[in-house]
Amino acid sequence: MDVVSFCSDLIRCKSVTPEDDGAIDYISKFLSSVGFKTQILTFKSKDGNNIIKNLFAEYGTSDKKSLGFIGHSDVVPAGEHWEEDPFAAVQKDGFLYGRGVADMKGGIAAFCCAAAQFVRHHFDGTIEFFVTGDEEVGSPEGMQSLLKWAIENNRIPNYCLIGEPSSDIQLGDRIYLGHRGSLNVVINSRGQQGHSAYPVNYKNSLINLCRYIVKISDYPWKYKDSRFPETNLEATMLFTSNYAPNIVPDWSSANLNIRFGDNYTIEKLKTIIEQEAEGFDNLSFAFLSSGEAYYCDNEFLKSKLSLAIKEIVGIEPSFSAAGGTSDGRFMVHNCNVIEFGLPDSTIHQKNERVKVEDLENLRMIYLSFLKKYFE
């Protein structure tokens with residue numbers, strides 16, 4: 001099967017987290033048809049509301065050298081105002097449109113097709129697929145659970161390629177070696193409700209909260225580790241208990257998201273957030289971590305992938321730790337990882353699209369990488 005047809009079929013699966021809509025089964029069936037041993041593994045969420053379907057597939061029996069491929073078949077909601085049906089996989093003006101085409105069904109399709117071609121010939125090693133179904137919401141029953149299973153069953157590869165979209169302006173111009181960490185902070189502010197015309201009778205929880213947000217937004221983040229972009233904090237959500245324009249709310253809440261490099265850890269950030277609240281009344285905090293910062297500067301992976309990119313598209317890639325988080329933050333504690341895929345300029349947007357030519361070139365880059373990796 002050609003890579004565009006494969007990707008188009010995946011796009012037509014409306015696999016908006018936590019739904020699968022046949023995506024994992026489709027990938028499993030294809031890999032089985034070319035000789036992979038496949039296992040579909042399901043993990044239930046702690047609240048019992050969701051069951052996430054994941055795939056582990058393996059070709060080869062030699063322990064001499066193994067390569068893992070990490071991908072996710074789930075996508076974010078399509079949203080509105082698309083020019084085309086987001087799940088119809090429409091080709092137009094040299095582009096393939098669809099929710100998840102870049103993030104990251106295109107990467108999965110390209111590696112599946114490359115692997116199918118590669119395993120026709122003898123090689124001394126093993127290829128393993130880790131394809132999950134809830135990456136877009138933090139991977140609790142996806143990569144985290146699948147990785148635990150892989151450790152218990154001795155299925156950790158020597159190295160891992162993550163097929164997330166990483167290219168910037170054109171395919172091949174950027175490889176991710178890591179990412180900043182991410183911490184979400186929920187701030188709750190308590191006051192006393194009252195009529196806005198009688199200041200002596202109320203305590204404004206919203207003003208208290210907003211003043212804190214202004215203060216923490218101006219925090220002087222240190223920046224010594226230039227491998228990562230600078231630390232930034234953004235207020236992303238704001239709520240109050242208010243229901244009328246002339247009532248001062250007794251409760252207000254906000255969400256902050258902090259992206260940080262190796263200058264900080266989750267625990268250090270928690271301390272800063274709480275220390276900066278001194279002098280503010282009735283503020284409380286809850287923290288949800290998406291992972292620490294990581295950087296995997298492995299020369300073997302860098303050289304093999306860079307050579308493959310230059311061979312196919314004639315570009316010398318740059319190396320970066322920008323972008324959002326990926327499932328590499330979990331696997332990096334067990335093996336070296338590197339991240340490369342399609343351009344990321346339209347991910348999570350309306351009219352998500354990639355060049356048809358880029359899909360084919362990505363397949364050829366992955367094939368070249370496999371040859372160089374196992375040579």
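The values are calculated or read from the model by the stated rules, or taken from the named source; none is laboratory data. Nothing here was measured: the structure is a model prediction, and the numbers come from that model. Ideal geometry is used to build each Cβ from the backbone, glycine not excepted, and the neighbour counts take in all protein chains shown.
To keep it simple, each residue is scored yes or no on (1) more than 16 Å from Pro157 (Cβ to Cβ); (2) in contact with an Asp or Glu (Cβ under 9 Å, 6 or more places away or on another chain); (3) in a loop (DSSP other than H, G, I, E, B).
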{"residue": "Asp21", "(1), (2), (3)": "yes, no, yes"}
{"residue": "Lys29", "(1), (2), (3)": "yes, no, no"}
{"residue": "Ser32", "(1), (2), (3)": "yes, no, no"}
{"residue": "Ala57", "(1), (2), (3)": "no, yes, no"}
Handout entry: Set Ile187, Ile151, Ile175: member being in a strand (DSSP E or B) and assigned by TED's automatic domain parsing to the domain that holds Ile315
Key = Ile175
Exercise for the section: Please tell me if Phe87 is out of contact with any Pro (no Cβ under 8 Å at 6 or more places or on another chain), outside any strand (DSSP E or B), modelled with pLDDT of 95 or more and buried (at least 21 other Cβ atoms within 10 Å of the Cβ). Expected result: no
Exercise for the section: Inspect the range 306-325 for any residue being surrounded by fewer than 18 Cβ atoms within 10 Å (Cβ to Cβ), farther than 21 Å from Leu67 by Cα and of a type in the set (A, V, I, L, M, F, W, C) and give the result as yes or no. Expected result: yes
Problem - Top-ranked residue of the range 91-118 - restricted to ones that are in contact with a helix residue (DSSP H, G or I) (Cβ under 9 Å, 6 or more places away or on another chain) and in a loop (DSSP other than H, G, I, E, B), ranked as nearest to Gly163 (Cα to Cα) - result: Gly100
Practice task
Of all residues in the range 39-84, count the ones that are out of contact with any Phe, Trp or Tyr (no Cβ under 9 Å at 6 or more places or on another chain) and either small (Gly, Ala, Ser) or outside the structural domain of Thr132 (by TED's automatic domain parsing) (or both).
Solution key: 3
Problem - Any pair with Cβ under 6 angstrom, 6 or more apart, that starts in the range 245-257 at a residue that is more than 15 Å from Ala277 (Cβ to Cβ) and ends at one that is among the aromatic types (Phe, Trp, Tyr) and modelled with pLDDT under 95 - result: Val248/Tyr202
Fill in the blank from the handout: Taking the range 129-148 and keeping residues surrounded by fewer than 22 Cβ atoms within 10 Å (Cβ to Cβ) and either in a loop (DSSP other than H, G, I, E, B) or in contact (Cβ under 8 Å) with a residue 60 or more places away in the chain (or both) leaves Glu136, Val137, Gly138, Pro140, Gln144, Ser145, Leu147
